[in-house]
Each structure stands twice: as structure tokens, then as C-alpha cells.
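The values are calculated or read from the model by the stated rules, or taken from the named source; none is laboratory data. No experiment lies behind these values; they were computed from the predicted model shown. Every residue, glycine among them, receives a Cβ derived from its backbone with ideal geometry; neighbour counts consider all protein chains shown.
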Amino acid sequence: MRVPMPLRMVAVLGLTAVIFAITPLLVAAQSVEGSKLALADAPEVAIGDSIQLQASLTSGGIPVPGVEIVFFRAVEFLNSGNDLLIGRAMTDESGIAAVDFAPRSEGEILILAEFGGTEAVGDAFTEGSVLVGPGPPQYLVEAGIGVPGINVYLLAGVLTTVWGTFFFVMTLVWRIARDGSSTPVPKTATEGATGE
């Protein structure tokens, strides 16, 4: 027996309506739980000293182990802000991820931590700050010439040769100015006979 066309259309539309009605309920049942990411308070540190930044990740109050947390530092350069990667760390069994950080500038530094989420745990983001005080100089400047492969004795030899050549040429110029020539001009045979 053949089903008439209008009845088939009603059946298809009814089935489509049921699927659209059930889909939000299925998605809600499978949605990821909310997660919470928190940065631990960091102590004040001096420039160049290393500290450990820690972030804890929980989902529904339960620690989330074995997932990656990414740590960033907010920076601004030429009126343009961006995030500079500090490091990546995996959470341990207590949901804590840690990364070492050695600041190179003083002041309050904004630290960001981010979890990208998984199928079971939603993504999370948090921020905190580290107060950095003055410390020892980070870059030492050496005076003098620092050309790799040239030691002091080679440089002294080159300078001695250059200045020696300069003084030799200056001596010749002085002799020319004083005598009119640098070497005596030999007399020709005709000059010698006449006695001139």
C-alpha cells in the first residue's frame, strides 16, 4: 500500500519538529561543567630573582589533573598591548600547575593564566599581578673593544704599525720641507765636468 504524498510530508515535518525539540535537551545534558582557574598570590620579588607562579584548576569544586595551563605576561610596546608567553605547565593530581618566572623589569606585572577547556571541563581564564622591586643590574657593559678573535696583543701590533707608518711618513715630509728633497740627487756627468 502506498502512502499519499501529503501524509508523507506531514510525517517528515513531524519527525523534524521532534528532533529540533529534543536536541537542546540532549546538548544541555552533555554540556561541559563550569571550571574555575585561580592564581596563587605571588610574593614580592626583585628584578632577576626567580619565583614560581601557581594556578589551580577546579571543576565543580574537584581538582582537574593532567591538563595544560598557559601562563602569559601582559606587555605594552609602542602603545600596543599584547600577551607574552611565560610558559606552559600540566596540572598535578591536586589541580595545580606551576611555572618559573624571572621578571626583567620593575613595577606591577599583570600575569594571565588560561585553560583552553576539554570535552568534560569548560575553559577558564584568570589574572593576577606580581610586584617587582629593584634589584641588581641585569646587563653588564664592558668598556673597550670587544671583537671576537682579536686579542689585546694583535690590536696593539696593528696600532703600532699604523702609528709607526704615520711617523715615518711625517719624518719624510719634514725632511722634504727642510732640505727640499728627501734624498740627495746624484750629479749627472755633465754637471760634474763643469763643476756646477
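Of all residues in the stretch 56-98, those that are among the small types (G, A, S) and modelled with pLDDT of 90 or more total 8.
Checking the condition in contact (Cβ under 8 Å) with a residue 60 or more places away in the chain and over 23 Å from G34 (Cβ atoms), which residue from L110, L78, L131, L85 passes? Just one listed residue meets the conditions, L131.
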